[in-house]
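> What follows is a structure written as structure tokens; I'll ask about it next.
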Protein chains: 6
Amino acid sequence: MKLSARNVIEGKVVAVTKGVTTAHVKIEIANGCLITSSITNESVDDLGLAIGDTVSAIIKSSDVIIGK
Amino acid sequence: MKLSARNVIEGKVVAVTKGVTTAHVKIEIANGCLITSSITNESVDDLGLAIGDTVSAIIKSSDVIIGK
Amino acid sequence: MKLSARNVIEGKVVAVTKGVTTAHVKIEIANGCLITSSITNESVDDLGLAIGDTVSAIIKSSDVIIGK
Amino acid sequence: MKLSARNVIEGKVVAVTKGVTTAHVKIEIANGCLITSSITNESVDDLGLAIGDTVSAIIKSSDVIIGK
Amino acid sequence: MKLSARNVIEGKVVAVTKGVTTAHVKIEIANGCLITSSITNESVDDLGLAIGDTVSAIIKSSDVIIGK
Amino acid sequence: MKLSARNVIEGKVVAVTKGVTTAHVKIEIANGCLITSSITNESVDDLGLAIGDTVSAIIKSSDVIIGK
């Protein structure tokens, strides 16, 4: 499935930390460069996310703020 | 200024494409790994964004969808 | 590709209106029930969107406000 | 109150699942077509949400990603 | 209509600047404190927005980043 | 650091309510006018947020819905 979101960045799951309802998933997208996603625990189970998985971090370009 | 957003990723501006009202800014965050941000032309001028600038791509973890 | 977003709703494209930089795409997800998405013209071309296409409207549950 | 959001879709609450801090509310917007919203437990109480309520699912068009 | 969004802040429209597809609307919510909203020109016309109107600025609490 | 977000509104922290994973932070931006932000408990600790702190509420203009 192709997506309209401009950022579909491939990477490897390096950490999955489940909270009570929300999980923080760290994805290594390039040597040492991490992106953190917070999704529901339900989504983690639904996707069967585990460390080492190859996944895509999907981010709309309008959700990227620039700081300078 | 420190931010509550979990993803504050440093990178280099490699392209600034102004539309009529919205600009697309490409940021290289790691060797070859690009993130696209769409901000207003006003913001581009306000920040004085130019190719080669070191900037931060700021993304809330709740705005990162995971695909597997 | 499976997504962490809770809402992946299938429907048919019934209208694609390109502005100067942004396009409005109307998707019929159930008899007469429309969802409007605004994406970049670039995305419309990239996905080759046309009336009659079967697509998914992808919405994070945290982006759905409830009014009563 | 009229809203600038392009998607104000009427439907019926069919499930309210409270987590520790966040609740998942399922809204049936057309025969069998469900939309899931995640809001705070506080909002559920504030709106007095209950199964069978007629509500609106409010979604900005820029928050709708398209997949094809 | 009551909303699940935690921030429903009343104010007065002090400027409406239409671009080609997107309009920037400035709302004065307290003496001198302005909030800027960018909505489609279609929404401006749909709501019949004009300077002096009393409106609500509606913002989900999860869309407010904190900087310190 | 200057930001592309149009709304960077200064205010004072008047309440920090930590849930199990998410904290609600109330910021007084003008005499009596409050903005609520929900961020992770981790962010609260990371920023060392406390009542009385001067902070910025950062909101993209595209995240502000208008109601009339």
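> Do you know which residues across the range A:25-37 are within 19 Å of residue F:40 (Cβ to Cβ) and facing chain B (nearest Cβ under 7 Å)?
Step one: list which residues in the range A:25-37 are within 19 Å of residue F:40 (Cβ to Cβ), which gives A:25-27, A:34-37.
Selection gives A:25, A:35, A:36, A:37.
> For residue E:68, work out the one condition from (1) under 20 Å from residue B:39 (Cα atoms); (2) at the interface with another protein chain (Cβ under 7 Å from one of its Cβ atoms); (3) not acidic (Asp, Glu) it doesn't fulfil.
The single condition residue E:68 does not satisfy is (1).
> Another question, then. Report, by residue number, each residue of the range E:4-36 that is under 23 Å from residue C:68 (Cα atoms) and among the hydroxyl-bearing types (Ser, Thr, Tyr).
Taking the range E:4-36 first, the residues under 23 Å from residue C:68 (Cα atoms) are E:4-11.
Answer for the range E:4-36, where residues must be under 23 Å from residue C:68 (Cα atoms) and among the hydroxyl-bearing types (Ser, Thr, Tyr): just E:4.
> Answer with yes or no whether residue F:63 is closer than 30 Å to residue E:17 by Cβ and acidic (Asp, Glu). Steps first, answer last, please.
Numbers: closer than 30 Å to residue E:17 by Cβ: yes; acidic (Asp, Glu): yes.
In short, yes.
> Filter the range F:3-24 down to the residues that are facing chain E (nearest Cβ under 9 Å) and farther than 27 Å from residue B:39 by Cα and list them by number.
F:13, F:22, F:24
> Of all residues in the range B:14-34, how many are at pLDDT 95 or above and crowded, with 23+ Cβ neighbours inside 10 Å?
Count: 2.
> Against the conditions (1) in contact with a Ser or Thr (Cβ under 7 Å, 6 or more places away or on another chain); (2) under 17 Å from residue C:24 (Cα atoms), where does residue E:44 fall short? Just the number, please.
(1)
> Something else about it: Among the residues of the range D:22-40, are any under 24 Å from residue E:55 (Cα atoms), assigned to a strand (DSSP E or B) and acidic (Asp, Glu)?
no
> Something else now. Would you point out the residue of the range E:38-59, among those that are modelled with pLDDT under 95 and at the interface with chain F (Cβ under 7 Å from one of its Cβ atoms), that is surrounded by the fewest Cβ atoms within 10 Å (Cβ to Cβ)? Can you show your working first?
At the first step, the residues of the range E:38-59 found to be modelled with pLDDT under 95 are E:38-43.
Within this subset, residues satisfying the condition of being at the interface with chain F (Cβ under 7 Å from one of its Cβ atoms) are E:38-39.
On the way: E:38: 24, E:39: 27.
Checking each candidate, the answer is E:38.
> Assigned to a loop (DSSP other than H, G, I, E, B), in contact with a strand residue (DSSP E or B) (Cβ under 9 Å, 6 or more places away or on another chain) and without any contact (Cβ under 8 Å) to a residue 12 or more places away in the chain - does that describe any residue in the range E:7-17? Don't jump to the end; show me each part of the working.
First pass over the range E:7-17, keeping only residues assigned to a loop (DSSP other than H, G, I, E, B): none.
No; the residues of the range E:7-17 include none that is assigned to a loop (DSSP other than H, G, I, E, B), in contact with a strand residue (DSSP E or B) (Cβ under 9 Å, 6 or more places away or on another chain) and without any contact (Cβ under 8 Å) to a residue 12 or more places away in the chain.
> Let me ask something additional. Residue C:58 is checked against (1) of a type in the set (A, V, I, L, M); (2) touching a helix residue (DSSP H, G or I) at 6+ places or on another chain (Cβ under 8 Å); (3) assigned to a strand (DSSP E or B) and fails just one. What number does that condition carry?
Of everything listed in (1) of a type in the set (A, V, I, L, M); (2) touching a helix residue (DSSP H, G or I) at 6+ places or on another chain (Cβ under 8 Å); (3) assigned to a strand (DSSP E or B), residue C:58 misses just condition (2).
The values are calculated or read from the model by the stated rules, or taken from the named source; none is laboratory data. Values in this document were obtained by computation on a predicted structure and should not be read as measured data. Note that each Cβ is placed from the backbone with ideal geometry, even for glycine, and that neighbours are counted across all protein chains shown.
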